[in-house]
Amino acid sequence: PTPTISVRVFFTPPSPLPPPGMTTKEEFAAAYAPLAQELVAELTANFEMPPHAVRWVDEVLTTTVAGGKMTRGMTVVHSLSVIRGGELSQEERSLATVLGWCIEMLQGYFLIADDIMDQSVTRRGRPCWYRTQRPIDGAKEGDEVGLIAINDSFIVFSGLFRLLKKYFRSKPYYVDLLDIFNEVTYQTELGQLLDLTSQPSPSVIDLSLFTIENYKLIVKYKTAFYSFYLPVALAMIMAGTATDAALDTARPILLAMGEYFQIQVRVVVVVVV
């Protein structure tokens, strides 16, 4: 037989304290609950949703968005601070934080759907949302959210646009925010397609499509655009520095960082004897 030696390489980036004036992880995390509750409150006020639906959406927003590393979201605030050359005004910090949580909601949308497609069991140390007990009175023990989670992912995705509308509609760059969120969402969905179709048949192992070229496209489109390019681009849009030339300069650097981020996860060495 051919022995296989799996060598796992894990990378933990340093986590220094943020420079003075920058948002801490605790400060950023605390900003989410009020935003989520704004979305929950309007379900009754504007959309006639009954209590059981309000509770369901509350659980979706609490369970699927919060609880991650929040690196993407915090990068918006920190990038804007760097571009501004130091301390941000309270309004700038608050708006950048909202944009950061919009990215985290985009991430939540992607993860709900990805877990269903991959038939994953856990996410962030707890059952995936689609495998979670249904948050509704009358559900029996073991009644899972199941494929209702598909619609829940749509609700999370729509929620970020409701926050954009509330906080940025009066800003001159509002359309630019809508455009980049839609563009990066499409890019990520294309990356997911490349990932899911890298095995042509679910019943036969076929690595013919899993080439280094396709792998680079997968990590670029599925991860790098929304995890590295989007946070910095949003800060540039807020700062008024997101010219075509500036974005064209920043994009390849940030996408290369995203590729590095993905490649470092695991190395598998096959030894033939």
So, in the range 225-273, exactly how many residues are at pLDDT 95 or above, open to solvent by less than 60 Å² (accessible area, probe 1.4 Å) and among the charged types (D, E, K, R)?
0
Suppose we filter Gly100, Gly86, Gly125 for residues that are among the small types (Gly, Ala, Ser) and buried (at least 21 other Cβ atoms within 10 Å of the Cβ); which single one remains?
Gly100
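Would you mind stating whether Val156 is in contact with a Lys or Arg (Cβ under 6 Å, 6 or more places away or on another chain), at pLDDT 95 or above and surrounded by 20 or more Cβ atoms within 10 Å (Cβ to Cβ)? Talk me through it step by step, then tell me what you get.
Working: in contact with a Lys or Arg (Cβ under 6 Å, 6 or more places away or on another chain): no; at pLDDT 95 or above: yes; surrounded by 20 or more Cβ atoms within 10 Å (Cβ to Cβ): yes.
Judged against the criteria, Val156 is not a match.
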Within the range 66-76, considering residues that are in contact with a Phe, Trp or Tyr (Cβ under 7 Å, 6 or more places away or on another chain) and part of a helix (DSSP H, G or I), the one least open to solvent (accessible area, probe 1.4 Å)
Gly73
Which residue pairs have Cβ atoms closer than 9 Å, lie 6 or more positions apart in sequence or on different chains, and pair a first residue in the range 191-205 that is more than 18 Å from Glu259 (Cα to Cα) with a second residue that is open to solvent by 70 Å² or more (accessible area, probe 1.4 Å) and assigned to a loop (DSSP other than H, G, I, E, B)?
Thr197/Leu209; Gln199/Ile205; Gln199/Leu207; Gln199/Leu209; Gln199/Phe210; Pro200/Ser208; Pro200/Leu209
Taking the range 14-28 as the search range and keeping residues that are open to solvent by less than 40 Å² (accessible area, probe 1.4 Å) and of a type outside the set (Ser, Thr, Tyr), which one is modelled with the lowest pLDDT?
Gly21
Asn182, sole failed condition from (1) open to solvent by 80 Å² or more (accessible area, probe 1.4 Å); (2) over 30 Å from Phe168 (Cα atoms)
(2)
Yes/no for Asp114 being touching a residue at least 12 places away in the same chain (Cβ under 8 Å), of a type in the set (D, E, K, R) and over 22 Å from Arg55 (Cα atoms):
yes
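The values are calculated or read from the model by the stated rules, or taken from the named source; none is laboratory data. Computed from a predicted model, the values in this text were never measured in an experiment. Here Cβ is always computed from backbone atoms with ideal geometry, including for glycine, and neighbour counts include all displayed protein chains. The protein model used for the area step is the full one, side chains on, heavy atoms only, and it has no ligands, DNA or RNA in it. Shrake-Rupley method; radii C 1.70, N 1.55, O 1.52, S 1.80 Å.
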